[in-house]
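Chemist: Below: one structure in structure tokens.
The values are calculated or read from the model by the stated rules, or taken from the named source; none is laboratory data. Everything quoted here is computed from the prediction, not taken from an experiment. Cβ sites come from the backbone with ideal geometry, for glycine too, and all protein chains shown count toward neighbours. Surface accessibility is based on the protein's heavy atoms, side chains included, excluding ligands, DNA and RNA. Shrake-Rupley method; radii C 1.70, N 1.55, O 1.52, S 1.80 Å.
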Amino acid sequence: MSGSTTEAIEETNEVALTGRLSGEASIRELPSGDELVTWRVVVARGEGEPVDTIDLACWSAGTRRAARRLADGDRVRVEGSLRRRFFRTPAGAASRYEVEVRRLVRDRR
């Protein structure tokens, strides 16, 4: 387009969710010695709409502590970033998208 100006668009990767935890937390120690706590959160799109089930990964000490205090069915607010994780399975290489949690709190509403 001739004569148009190009505006810089700031890139961002911010996720904010409110939903209910589904199932029990999975706590595992990685070969590196790091600990990882994972959950799934179920988020409704709207009345009568389907729900989304989204994987959460808690890497920091603070988010791991918060995750351990929660239980299946608790309503939570999550802030973080979307990440794609690559790993090996018996069937070969695989990947998964998950929210890398920066903040996780029980929503008491």
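Chemist: Mind putting a number on the dipole of the chain about its Cα centre? Charges go on the C-beta only, +1 for Lys and Arg and -1 for Asp and Glu, and I need it in Debye to the nearest 20. Could the numbers behind the result be given before it?
Modeler: Values: 20 positive and 18 negative charges, 105 e Å.
The dipole magnitude comes to about 500 debye.
Chemist: For Val51, what accessible surface area do you get with a 1.4 Å probe? Give it in Å², rounded to 10.
Modeler: Estimated to the nearest 10 Å², Val51 gives 80 Å².
Chemist: Are there trypsin sites (Lys or Arg not before Pro) in the stretch 8-64 that DSSP marks as loop and that have at most 14 other Cβ atoms within 10 Å, and which are they?
Modeler: Arg45
Chemist: So what's the net charge close to Leu82: Lys and Arg +1, Asp and Glu -1, counting the other residues with Cβ under 10 Å from its Cβ?
Modeler: Working: positive: Arg83, Arg84; negative: Glu14, Glu98, Glu100.
After counting each charged neighbour, the total is -1.
Chemist: Shifting gears a bit: Would you please state the base-10 log of I(q)/I(0) at q = 0.20 1/Å for the chain, with intensities from the Debye formula using one equal scatterer on every alpha carbon?
Modeler: Log-scaled intensity ratios, in q order: -1.08.
Chemist: Counting only other residues whose beta carbon sits under 13 Å from that of Arg109, what net charge do I get with K and R as +1, D and E as -1?
Modeler: Numbers: positive: Arg20, Arg75, Arg77, Arg106, Arg108; negative: Asp74, Asp107.
My count for the surroundings of Arg109 gives +3.
Chemist: In percent, what relative contact order does the chain have, based on Cα pairs under 8 Å that are 6 or more apart in sequence?
Modeler: Numbers: 208 pairs, mean separation 29.9, N = 109.
Once divided by the residue count of the chain, the mean separation gives 27 percent.
Chemist: How much length would be gained if the chain were fully extended between Asp107 and Ser95, taking 0.36 nm per residue of separation minus their Cα-Cα distance, in nm to one decimal?
Modeler: Numbers: separation 12, 0.36 × 12 = 4.32 nm, distance 3.01 nm.
Between Asp107 and Ser95, full extension yields 1.3 nm more.
Chemist: Related question: How big is the accessible area of Thr53 in square angstrom, nearest 10, if you roll a 1.4 angstrom probe over the protein chains?
Modeler: 80 Å²
Chemist: With the other protein chains left in place, how much accessible area per residue, in square angstrom, belongs to the chain at a 1.4 angstrom probe? Write out the running numbers ahead of the final one.
Modeler: Working: 7860 Å² over 109 residues.
Ligands and nucleic acids excluded, the result is 72 Å² per residue.
Chemist: Using only DSSP helix segments of four residues or longer, with each worth -39500 (n - 2.57), what per-residue ellipticity at 222 nm results for the chain after dividing by its residue count and rounding to 500?
Modeler: Numbers: 1 runs with 8 residues, N = 109.
So the helix-based figure for the chain works out to -2000 deg cm²/dmol.
Chemist: Quick one: pull the percent of accessible area on the stretch 28-109 belonging to carbon and sulfur, 1.4 Å probe, ligands and nucleic acids left out.
Modeler: Working: 2510 of 5400 Å².
The computed percentage sits at 46.
Chemist: Sorted by packing (mean other beta-carbon atoms within 10 Å per residue), highest first, where do 84-93, 10-19, 71-80 land? Don't skip to the answer; put the middle values down first.
Modeler: Working: 84-93: 7.5, 10-19: 11.3, 71-80: 15.8.
Top of the packing list down: 71-80, 10-19, 84-93.
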